[in-house]
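FYI, it's all coordinate maths here, none of it is from the lab. On a predicted model such as this, the values are computed, not experimentally measured, just so you know. Cβ coordinates were reconstructed from backbone atoms using ideal geometry, including for glycine residues, and neighbour counts include every protein chain displayed.
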Amino acid sequence: MFKNPFNQNCTCWICLEESNFDSAWILHECGCNLQVHKLCYLHWLYSINKNYISKNLVTKNLNLVTEDDLKRTMCYLVDSHRNLHREVSLSEFLNTLPFIRPKTNEPVAPSVSIMSVLGINYSISFRIVRSPMSLPVEFAECPQCKNPVVNRQITFTSRSFFLAVFYWTKSFIRNTTIALTLALSTLNIGKWWFKIGIWQLRCIFPENVLRVILDISTTKALNVYGETMSGLVSIPQMTRFLIFGFPVCLMGVRSTNPTLNRFRWLYSLALSVRAGHYDSNNTKLLSRTLTTCNICMFLHSAITTPFISRFYEYLVKTATPYFCPIDKSLDSFPSQGYGDVIIKTSWYDVLFESILWPAIGSMVGGKLFDAVTWIQREFGLNWSPSCSPNDCRMVFNFVGCGVTAVARQLLDMWASYMRAKELKQLQESIEENIQ
Ligand SMILES: [Zn+2]
Ligand SMILES: [Zn+2]
């Protein structure tokens, strides 16, 4: 008879703890009345495999020989948030699409077996990220009926709701960006890049400022120019550079890529030169805003970034992730590299975030602007800046972008912290000795 498993009181036959059935338990598929925690089961499966490899040093899968390897393989297979620390390749992405997915679940098995016949372990060099696919003993047997306790791969996540949402969002960003990039690459990518550039500039700068920066009588004309190749060519070179370069410049701010970083400084130099031409009410407002931005970014990279790197370094060294075997006493990465270990920032993250950044920044800026005017009205403050409302709004757009960037950084740090905790829990529960 069917019983609702969620009302069931379970006793784990490994650790003898008792609690109500929830996601920490395994639903026993063999039909025997034995209950077991997920983590206890995984630890048990690990010890079975450990015994197995100590008896048979060379297994059918040549990758699996040492205990360290076994532990890493086990963690990899069990970790259901594993895409947080690795770059998903295009072929893997295509495999996840329902109509392309291969029927078997063994995408790399053929290459592994061919190499095993030759007797040389080539599989590591073929797969840059070493990701062995199976354990020597895949399922543990139920001690009563000798059937596998469960017939599928058990996966583990901590119960953090935040991390689940974060993982889901990351996957969504990855899939959307790769799919859109593939789709746009079949069209005229230059035209689309130009449109993105104009759209981003419009998010930040009001029309009258844009006219001066881009040296054009009306920016509406740019929409028409952007439609055809000959139109694009007829735009003055500097204007073209400013439009095409804007998304690249934002990518340079977001990513740690040295080429993009250098481009960012070049771009801001060019923008500052043009911004010098805009001088309504003799305030030099635009130039001053851009200078403040540059100073803030410089201070950020000189003062805040080292602290943030320390934080990531601490996380990596305390969690010692299974996918990143490091010696705690050594600095195996340049200090900025630690930020990329636990949660990897890939090209699709940089692309997605830097394209949406001005829109989100201007939205936040608008809210801040409303808040400031509300405070002024409510408390009777009389603060009247010497610039026009449009210019004022522009400054708030910049502030909004800054606030967005800080919020993103804090979010990333919090997610890394939660993920480090999860990794620690997973690794410790597989290793620890419950006898
Ligand atoms: Zn247990
Ligand atoms: Zn059984």
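Give the aspartates and glutamates whose C-alpha is closer than 18 Å to that of residue 421, dropping any in the same chain fewer than 8 places away, or say none.
Partners found: 79, 313, 340, 412, 431, 432.
Would you tally the net charge around residue 251, using a Cβ to Cβ cut-off of less than 15 Å, leaving residue 251 out, and scoring K and R as +1, D and E as -1?
Computed value for this residue: +2.
If neighbour count is taken as other Cβ atoms inside 10 Å, put 159, 254 in order from fewest to most.
159, 254
Net charge within 14 Å of residue 288 by Cβ-Cβ distance, Lys/Arg positive one each and Asp/Glu negative one each, not counting residue 288 itself?
Spelling it out: positives minus negatives among the neighbours equals -1.
Which entries in the list 50/146; 38/317; 170/344; 38/146; 344/367 go over 22 Å, if you measure between the two C-alpha atoms of each?
Listed pairs above 22 Å: 38/317; 344/367.
If you take every residue apart from residue 232 with its C-beta less than 12 Å away from the C-beta of residue 232, what net charge results, scoring Lys and Arg +1 and Asp and Glu -1?
Residues close to residue 232 contribute a combined charge of +2.
Among 172, 205, what is the fewest-to-most ranking by other Cβ atoms within 10 Å?
172, 205
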